[in-house]
1. Do the conditions hold for Leu105, that is, is it in contact with a Cys (Cβ under 6 Å, 6 or more places away or on another chain) and under 21 Å from Asp82 (Cα atoms)?
2. Against the definition (under 14 Å from Ala175 (Cβ atoms), among the polar types (S, T, N, Q) and more than 12 Å from the chain's Cα centre (by Cα)), how does Ser88 come out, yes or no?
3. Against the definition (assigned to a strand (DSSP E or B) and either at pLDDT below 85 or open to solvent by 60 Å² or more (accessible area, probe 1.4 Å) (or both)), how does Asn49 come out, yes or no?
4. Could you list all residues from the stretch 58-84 that are under 17 Å from Cys143 (Cβ atoms), assigned to a strand (DSSP E or B) and open to solvent by 10 Å² or more (accessible area, probe 1.4 Å)?
5. Exactly one of these conditions fails for Ser151: (1) out of contact with any Pro (no Cβ under 9 Å at 6 or more places or on another chain); (2) more than 15 Å from Val55 (Cα to Cα); (3) surrounded by 19 or more Cβ atoms within 10 Å (Cβ to Cβ). Give me its number.
6. Name, by its number, the condition in (1) in contact with a strand residue (DSSP E or B) (Cβ under 6 Å, 6 or more places away or on another chain); (2) more than 30 Å from Ala190 (Cα to Cα); (3) at pLDDT 90 or above that does not hold for Ser147.
7. For the stretch 172-196, what are the residues that are among the basic types (Lys, Arg) and open to solvent by 50 Å² or more (accessible area, probe 1.4 Å)?
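The values are calculated or read from the model by the stated rules, or taken from the named source; none is laboratory data. Everything numeric in this text was worked out from a predicted model, so none of it was measured. Quick reminder, even Gly has a Cβ in these numbers, built from the backbone with ideal geometry, and neighbours come from all protein chains shown. Calculation scope for accessible area: heavy atoms of the full protein, side chains included, ligands and nucleic acids excluded. Shrake-Rupley method; radii C 1.70, N 1.55, O 1.52, S 1.80 Å.
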Amino acid sequence: MIVNPVYGAGGAQSSGYVEEGARLLLASLCDYNFAGKYEDMQSAYTIENGVTFEVCGSINMAPGGYSDFFSASSIHLSTQVDSNVPASSDFGFVCWISGYSSNELFVYPEQMKFGDIHTFTLVQDMQTTSLYIDGELAGSIACSIASQQISSIYVFPNANSYTALWSSARLYTRALTTAEIAANHANDVARYGGNS
């Protein structure tokens with residue numbers, strides 16, 4: 001399940017994903033049964049050059065309000081269900097960082113349906129929070145943050161009335177470029193299907 005969790009950790013085959021700055025590369029997550037969440041508590045490290053979360057799979061149910069589906073200590077990627085969700089969609093998103101609540105990024109895309117496979121990418125480059133869906137920028141907001149201590153990583157396939165079927169999850173200790181995000185999404189599509 002863990003593929004080259006630290007860049008340069010070895011292994012005879014490449015993951016096919018961007019590996020520079022990779023702290024966690026997980027594959028075939030849907031083959032495992034988590035008790036509410038996957039939890040990774042490595043030794044703490046500090047992000048000073050940004051962070052990128054990526055997950056590929058389907059969101060199958062989301063409660064009202066918001067519910068995390070990926071978090072690393074104080075940085076969160078959540079579903080958002082409220083009156084702003086378009087009629088053509090089942091849910092939206094909020095990206096937020098504890099202590100920076102005035103800089104929450106809300107994204108309400110059209111045609112976001114339960115059960116559809118997508119790649120969701122949150123990028124925080126220390127100045128801006130951005131959300132990409134299927135390799136395309138869906139929204140961004142200015143959010144200048146101080147260095148963050150990361151001591152825990154959570155991937156939630158089933159918690160708090162929220163369910164998802166994740167195929168892969170990744171965390172990078174830097175902000176990926178638009179080209180790298182597109183390349184990772186293309187690899188997800190080749191492996192797991194979804195929108196290309």
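1. yes
2. no
3. Spelling it out, it is not the case that Asn49 is assigned to a strand (DSSP E or B) and either at pLDDT below 85 or open to solvent by 60 Å² or more (accessible area, probe 1.4 Å) (or both).
4. Residues satisfying the conditions are Tyr66, His76, Gln80.
5. The one condition Ser151 does not meet is (3).
6. That leaves (3) as the condition not met.
7. Arg191, the sole residue that qualifies.
Listed here are the residues, each with its yes/no results for (1) of a type outside the set (D, E, K, R); (2) surrounded by fewer than 21 Cβ atoms within 10 Å (Cβ to Cβ); (3) under 16 Å from Val51 (Cα atoms).
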residue	(1), (2), (3)
Asp90	no, yes, no
Asn103	yes, yes, no
Met112	yes, no, no
Thr129	yes, no, yes
